[in-house]
Every structure is written in C-alpha cells, then in structure tokens.
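Engineer: To start, I am sharing the structure in question, which I have written as structure tokens.
The values are calculated or read from the model by the stated rules, or taken from the named source; none is laboratory data. Just so it is clear, the structure is predicted and the values come from calculations on it, not from any experiment. Every residue, glycine among them, receives a Cβ derived from its backbone with ideal geometry; neighbour counts consider all protein chains shown. Accessible surface is based on the protein model in full, side chains and every heavy atom, while ligands, DNA and RNA are left aside. Shrake-Rupley method; radii C 1.70, N 1.55, O 1.52, S 1.80 Å.
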Amino acid sequence: MPFVELDTNLPAGRVPAGLEKRLCAATAAILSKPEDRVNVTLRPGLAMAVNGSTDPCAQLIISSIGVVGTAEENRGHSARFFEFLTKEMGLGQDRIIIRFFPLEPWQIGKKGTVMTFL
C-alpha cells in the first residue's frame, strides 16, 4: 500500500491536469503494486526551496511496505520516478528531490485494524 506525496511550488494552474491519476498509475508500475492500493496526494503552490533556490521545484515522498527498503531498490525506483516527473512537470532533475520511507504493516491503519491483521 504505497503512499505518495508530491509537493511543488508550481501554482495549481501550472500543474498538468490529471497528474495525480498518472502518478498513481506510474507508482503502481514502478513499485509493482496494484493501482487500487496506491494513495497519492498532490500539493501545489507551496513555499519551497530546493538547493537554496525557490525556482520551480518538487519533492516526492514515497512510503511503502516491502519495496523501498534498500539502496539498490531505491536507485531503480528513483530513475523511473525522475523520468516520470521531469517529463510530466517540465522540471530538471536538479529541481526534484525524492525521499523514500519503508513502512511496516503495523504502521498503516485500515478497516478498523492495521495491515498486519488484514
């Protein structure tokens, strides 16, 4: 059950329409998870600086069980997410930061319990 948060200082009007849906599909493909398990939050128009600059930028935060826990996994994921984001958002790779957070099943609540018991 991946959780993906895309923060950007691009105003909402400059974020491509439907980006959250395409990011959901891309995340499912990149992480080999069912699309109906992917959760995406898109937050445009934020006050942000990357590398000391407030030029257009984005930060992608990916949290998931079992697929973002090693440098080797994340190197491959990173390459594919960077490809997606640079194409979709028109940003250079130096204006995007990606952070990966591995989760354990007991850290996600669903249906009145936690994923451990589902």
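Engineer: Are there any pairs, at least 6 apart or on different chains, whose C-beta atoms fall under 7 Å, with the first in the range 46-73 and assigned to a helix (DSSP H, G or I) and the second open to solvent by less than 50 Å² (accessible area, probe 1.4 Å) and modelled with pLDDT of 95 or more, and if so, which?
Structural biologist: Between residues of the range 46-73 that are assigned to a helix (DSSP H, G or I) and residues that are open to solvent by less than 50 Å² (accessible area, probe 1.4 Å) and modelled with pLDDT of 95 or more, the close pairs are Glu73/Val67.
Engineer: Shifting gears a bit: With respect to the numbered conditions (1) touching a helix residue (DSSP H, G or I) at 6+ places or on another chain (Cβ under 8 Å); (2) closer than 14 Å to Gln59 by Cβ, which one is the sole condition not fulfilled by Leu85?
Structural biologist: With respect to (1) touching a helix residue (DSSP H, G or I) at 6+ places or on another chain (Cβ under 8 Å); (2) closer than 14 Å to Gln59 by Cβ, Leu85 is out only on (1).
Engineer: Just for the range 5-41: of the residues that are outside any strand (DSSP E or B) and polar (S, T, N, Q), which one is least open to solvent (accessible area, probe 1.4 Å)?
Structural biologist: In this case the residue turns out to be Thr27.
Engineer: Out of the residues in the range 42-74 that are surrounded by 14 or more Cβ atoms within 10 Å (Cβ to Cβ), within 21 Å of Arg14 (Cα to Cα) and small (Gly, Ala, Ser), state the one that is farthest from the chain's Cα centre (by Cα).
Structural biologist: Gly45
Engineer: Just for the range 3-19: of the residues that are more than 10 Å from the chain's Cα centre (by Cα) and of a type outside the set (A, V, I, L, M), which one is nearest to Pro102 (Cα to Cα)?
Structural biologist: Here the answer is Thr8.
Engineer: Here is a further query. From the residues in the range 87-103 that are under 17 Å from Glu20 (Cβ atoms) and open to solvent by 40 Å² or more (accessible area, probe 1.4 Å), which one is nearest to the chain's Cα centre (by Cα)?
Structural biologist: Glu88
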